[in-house]
1. Among the numbered conditions (1) outside any loop (DSSP other than H, G, I, E, B); (2) buried (at least 19 other Cβ atoms within 10 Å of the Cβ); (3) among the aliphatic types (A, V, I, L, M); (4) modelled with pLDDT under 95, tell me where V40 comes up short.
2. What tally of residues in the range 131-152 results from selecting those that are more than 25 Å from N269 (Cβ to Cβ) and either of a type in the set (F, W, Y) or in a loop (DSSP other than H, G, I, E, B) (or both)?
3. Is it true that some residue in the range 256-277 is hydroxyl-bearing (S, T, Y) and more than 18 Å from the chain's Cα centre (by Cα)?
4. Exactly one condition in (1) within 15 Å of G225 (Cα to Cα); (2) free of Cβ contacts under 8 Å to residues at least 24 places away in the same chain is not met by A285; state its number.
5. Go through the range 46-83 and report how many residues are part of a strand (DSSP E or B) and in contact (Cβ under 8 Å) with a residue 60 or more places away in the chain.
6. One residue is enough: does the range 119-126 have a residue meeting the conditions out of contact with any Pro (no Cβ under 9 Å at 6 or more places or on another chain), outside any loop (DSSP other than H, G, I, E, B) and buried (at least 19 other Cβ atoms within 10 Å of the Cβ)?
7. If you check every pair at least six apart or on different chains, which have Cβ atoms under 7 Å apart with a residue in the range 136-152 that is of a type in the set (A, V, I, L, M) first and a residue that is surrounded by fewer than 14 Cβ atoms within 10 Å (Cβ to Cβ) second?
8. All but one of (1) in a helix (DSSP H, G or I); (2) loosely packed, with under 15 Cβ neighbours inside 10 Å; (3) small (G, A, S) hold for S283; state the number of the condition that does not hold.
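The values are calculated or read from the model by the stated rules, or taken from the named source; none is laboratory data. For clarity, every value in this text was computed on a predicted model and none was experimentally measured. Please note: Cβ atoms are built from the backbone with ideal geometry, for glycine as well, and neighbour counts cover all protein chains shown.
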Amino acid sequence: MCNKAVRQFVKMSNKVNQNFMQGILRSTVYLIVLTGLGLVSCNKFEGDQTVPAYLRVDTVKLETDYFSQGSNTHNITDVWVYVNDQLVGAFELPAVIPVLARGKQKLEIRPGIKLNGIGSTRAPYPFYQPYLINDFNFVEDSVRKVNPMTSYYSTAKFAWIEDFENASISLEKTSQSDTAIYKTSPINNPEAWLSEHSSYSGEINLDEQRKRFKIASFNAFILPGSGSPVLLELDYKCTHSFGVGLFAEMNGTIVDLPLVVVNKSENWNKIYINIGPNISAYSNASNFKVYFESSISEGSARFYLDNIKLIYRNNS
């Protein structure tokens, strides 16, 4: 049955506008890869239907309440598609998705991201709500465009938001740093992340006199363990790689926990850093701080940060 669906999908792709062929091919390959990994099951496709209906998803829109949830920047790279609560598969965007369903069925689309910026760790983002249509009409041998929208769950807790728009900055220089982080200048500097609510970003410069920085959140945070999701969102642009880590306070002693190394990027990018496992592993810690660090041996380097969000949801 699955082989018939794939053959039909290839045949159907010839009918779709050429502007979307690259997305279709990626989706087909991604579906086949997921099938090989055992993430897509053919059991739910058992029946007499051999001609799929098709969904076209180009992107997912994120809506936020800026004043309580910060910017609506995102890096949603995939969609996880469910029909009648059964997983159809995960698809890289843009995508044309074959579904063996007909008539009105429940359609659920969950926004997906790359945890820690790694392509092999794709997952639905635990803080974005799924896009749900209870009576979506699937039409065989036809492509229907879907424009999913998402927002943060109301149960998502924002422990920390730093967008560098206030007079003060909630990051401070540590004793291991040659310099601090400053707001970009002047207002609307083209190097900054600029949008309706953003006129500034954080900037760190290293050179021959300032070869290392290690800056940390001014406040320490009490975060849930026991497997609760805890993630750090971050927009960044940099000419040199930098590290992200945690300071955990254990009985008056500070433990340094490196998390990830973020590669340089000439353009603004967004990363979702999974820190929940570290919080659970250090359940005896009284609190945590987030830090950023980098160093150079020669030359210079620039780092821009924005829309930092530390988010969690309690399992209980």
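1. It fails just one condition, (1).
2. Qualifying residue count for the region: 6.
3. Taking every residue of the range 256-277 in turn, none turns out to be hydroxyl-bearing (S, T, Y) and more than 18 Å from the chain's Cα centre (by Cα).
4. Of (1) within 15 Å of G225 (Cα to Cα); (2) free of Cβ contacts under 8 Å to residues at least 24 places away in the same chain, only one is false for A285: (2).
5. Within the range 46-83, residues that are part of a strand (DSSP E or B) and in contact (Cβ under 8 Å) with a residue 60 or more places away in the chain number 9.
6. no
7. Close Cβ pairs satisfying both conditions: M149/E63.
8. Condition (1) is where S283 drops out.
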